[in-house]
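Q: Sharing a structure here in structure tokens format.
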Amino acid sequence: MRRIDRRHLLPGAAAFAAASLVALLGLNAGADQPTAAKRGDTVELQLLGVNDFHGHLEPPEPGLGGAAWLGAWLDRAATSYPGRTIRVHAGDMVGASPLISGNWHDEPTIEATNLMGFDVGTLGNHEFDEGGAEALRLVRRARYPYIAANTQTRDGGDLVLPPYEIVERGGVKVGFIGVTTTDTPYFLLSEYARQFNWTDLSDAVNRYVPDLQRQGVEAIVVLAHAGAFQQGDDAAGEIVTEARQMSDAVDVVVAGHTHSRLNVDVDGKLVVQALSYGVAFDRVNITVDRTTGDVVSKSAGVMPTRHEGIRPDPDLLTLVESYRRRVAPLANRVIGYTGQRLDNEAVDRVAVNAQRAFTGADIAFLNPGNTRSDIDAGPITYADVFEVQAYEHPVWRMRMLGADVIEAEAEQPGLLVSGDTDLQPDVVYTVAANGIVAGRPPFDGGSEREQVGTDLQALVAWLERERR
């Protein structure tokens, strides 16, 4: 099964991300070898960055990624800079995860990140998939600090986490500021989205740069769960726009969210991103003036986590195997069969049809990008279906006037639809909608609203019935 985070990909971006991975495997194998530890009054430090792991404890592709190999690569890279390496992540380490992690609400992934020895991380939008309380519960299980400079409570405007963290290595201080995409509410159920405000990224960064400088910190890194897409030496997207508006005191931005490869200079700031699912990591070298604390040079490579030539970390391998064994009876249960591979469009059609059948509705609606993977030809297991509907969003049944349904289709043309196409304005219909759609107008005004189950339950029921 091929994992796809469709909600973050722009048109043509999936193909571009694949091309980036090919280039990554071919061009970065020998990149970025360490140089002398000290040059006069400077010290060289190394930042190792990960983004958008999404609970991929097992390799997402043959011979590439997986927690045990990612951890081994981070350890190998760290040996080149003993005592001068900082491990960071840019969010979405959890959320929309495979069953091996999602079945335990991503606690296995937090355990894995603890074993990988991260020093600091920030929140992505998917950390909030199950609401703020659950996000903060997972954060408290981490043995390293999370930072968030632009995530505020909606009532009161208080920050949910500290805005920055200072890490000292090699006798110099490096300040980290964490920020999360302002698009976060779009990806959340309405009851979770309204718990917080996500303020402008660059404004938040610029607010806390002076705080760091007053503490003698001039080497400043932003951990930003916001991304862009790069072609050649040019890149465009949220983090590029925001980086241009950040203080010139910012040296490096470790980005995420778009699952793309970034290694680009933006107005003097080095912006990097290492694809997704642990198939690569950022390796950033910065040279810091010991006297002033300023970064005087910087460079980066995006390095693949290939299995060839490296042994997996034994502790991480043991952790992953323990959860794999525990979830296997559920994961391996065959619930359906397909004679051909189901791609993006086919999976979406099956999902929305399943929700209409599950609710007995006249018509069903599903937001695009709600499904997370394709389905390969052959037996379909519960683990396969869980990857498709990893959010386990609720499915609602309601009554709506035909005129309102017709208006919704006109104003939201991207919605996936199953069912009655000859709607009459003055007729009342039974309508099904998943949690994202049901929380938006005009569906939020439907009458006789009832939560029937989840999108995962609907798809399982559909496939089991088709199998019979």
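The values are calculated or read from the model by the stated rules, or taken from the named source; none is laboratory data. Here the structure is a predicted model, which means the values were calculated and not measured. Cβ atoms come from the backbone with ideal geometry, glycine included; neighbour counts cover every protein chain shown. The area values use the complete protein model at the heavy-atom level, side chains included, leaving out ligands, DNA and RNA. Shrake-Rupley method; radii C 1.70, N 1.55, O 1.52, S 1.80 Å.
Q: Separation of the stretch 386-413 and the stretch 262-333 by C-alpha centroid, Å?
A: 38 Å
Q: How much area per residue is accessible in the stretch 317-468 when the probe is 1.4 Å and only protein heavy atoms are counted (Å²)? Spell out each step's value before the answer.
A: Values: 6860 Å² over 152 residues.
Dividing the accessible area of the stretch 317-468 by its residue count gives 45 Å².
Q: Which one, G336, V264, P314, is farthest towards the positive end of the dipole of the stretch 263-403 when Lys and Arg carry +1 and Asp and Glu -1 on their Cβ?
A: Sorting the options by dipole projection puts first G336.
Q: Something else: Quick one: length gained pulling R214 to E448 fully straight, 0.36 nm per residue minus the C-alpha distance? Could you put the intermediate results ahead of the total?
A: On the way: separation 234, 0.36 × 234 = 84.24 nm, distance 5.74 nm.
Between R214 and E448, full extension yields an extra 78.5 nm.
Q: Given H placed on each backbone N at 1.01 Å, which residues far from G124 in sequence or on other chains put an amide H within less than 5 Å of it?
A: D92, M93
Q: Check every DSSP H run in the chain and write down those whose alpha carbon atoms cover 15 angstrom or more along the long axis and whose mean Kyte-Doolittle hydropathy is -1.0 or greater.
A: Working: long enough: 13-27 (20 Å, 2.24); 67-79 (18 Å, 0.44); 201-214 (21 Å, -0.64); 314-331 (25 Å, 0.04); 344-359 (23 Å, -0.29); 455-467 (18 Å, -0.36).
Result, helices passing both filters: 13-27, 67-79, 201-214, 314-331, 344-359, 455-467.
Q: From the phi angles alone, apply the Karplus equation (6.51, -1.76, 1.60; θ = phi - 60°) to the stretch 281-289 and give each ³J(HN,Hα) in whole Hz, x where the residue is Gly or Pro.
A: 9, 7, 10, 10, 9, 10, 9, 10, 6
Q: Let me ask you something else. Loop-only check: which GluC sites (Glu not before Pro) in the stretch 308-369 are DSSP coil with at most 11 other Cβ within 10 angstrom? Don't skip to the end; give the middle numbers.
A: Details: sites: E308, E321, E345; in loops: E308.
Passing sites in the stretch 308-369 are E308.
Q: I would also like to ask the following. Volume per residue, Å³, of the convex hull around the alpha-carbon atoms of the stretch 206-252? Please list the in-between numbers first.
A: Numbers: hull volume 3.6 nm³, N = 47.
Roughly 76 Å³ of hull volume per residue.
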